[in-house]
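We did not get these values from a lab; they are worked out from the coordinates using the rules stated. Remember, predicted model here, so these are calculated numbers, not experimental data. Cβ coordinates were reconstructed from backbone atoms using ideal geometry, including for glycine residues, and neighbour counts include every protein chain displayed.
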Amino acid sequence: MQSLIAAGQAELNNKNSQIATYSAQLNAAQNQLATIQNQLTIRNNAFDALTQQFNALQIESNNKNNELEKRANKIRELKEMLGKSQEEVLNHKLGIKEGVLEILIQQLEIDRTRILALRNAYQELIRARENYNQGNINNADNNIEQIKGELLDRRIGVENMQKICRKTEKIAKLRIEQEKLYQEQFEARQQVLPYNDGGRN
């Protein structure tokens, strides 16, 4: 009987030892889990901090983009106002010079189509000079000389012919300035349209 009790006691001690081992393993596992949870919490906190920094940077970037957009719009408005002012000045100058030339044409009884051809020839000459196109410069010069000859043949006098040429050349220059201004305004509008379309999407 005593041997049975001793065997039972030994088995109980063995079980207690196993329980102690399992308990130690469980404690170790719980400690590892707690460590992992702490590390995960630290990483989550770091991730949250990075997310907040990213959001703050994004807000700052959006604010800067909005500020840049406002400035770009202001610049476009100012350019448009400047373009309109230049257009008004050019139109006024053209109106005066064309009016003076028209009076001269009527006084000298000159065919207006020849003056129109003279103006076109001066415009061609100015464009050819800007583009350094010698062939077109020669053609425009020849056309101008031909029309000058026709005016002299009508006996309008050298002085009046020179006056007509000077006034016509000035009008040609103003018209080319006007064309350039219209081209700049058109290009500015073309740049605004894609910008606005992009803003809507």
**Label-point gap, in nm, between Ala34 and Gln52 - each point 7 angstrom along Cα→Cβ** = 2.7
**Asked** Which value, in debye to the nearest 20, describes the size of the charge dipole of region 75-200 about its Cα centre when Lys and Arg Cβ atoms bear +1, Asp and Glu Cβ atoms bear -1, and nothing else is charged?
**Response** 180
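Kirkwood hydrodynamic radius, region 75-200, all distinct C-alpha pairs: what's the number in Å?
16.6
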**Request:** Could you sort 155-168, 6-19, 86-99 so that the peptide with the highest average Cβ count within 10 Å comes first and the rest follow in order?
**Result:** 155-168, 86-99, 6-19
**Message:** Using alpha carbons only, how many angstrom separate the centre of region 150-193 from the centre of region 60-121?
**Reply:** 12
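Return the calculated 222 nm mean residue ellipticity for the chain, to the nearest 500 deg cm²/dmol, obtained by summing -39500 (n - 2.57) across DSSP H runs with n ≥ 4 and dividing by the residue count.
-35000 deg cm²/dmol
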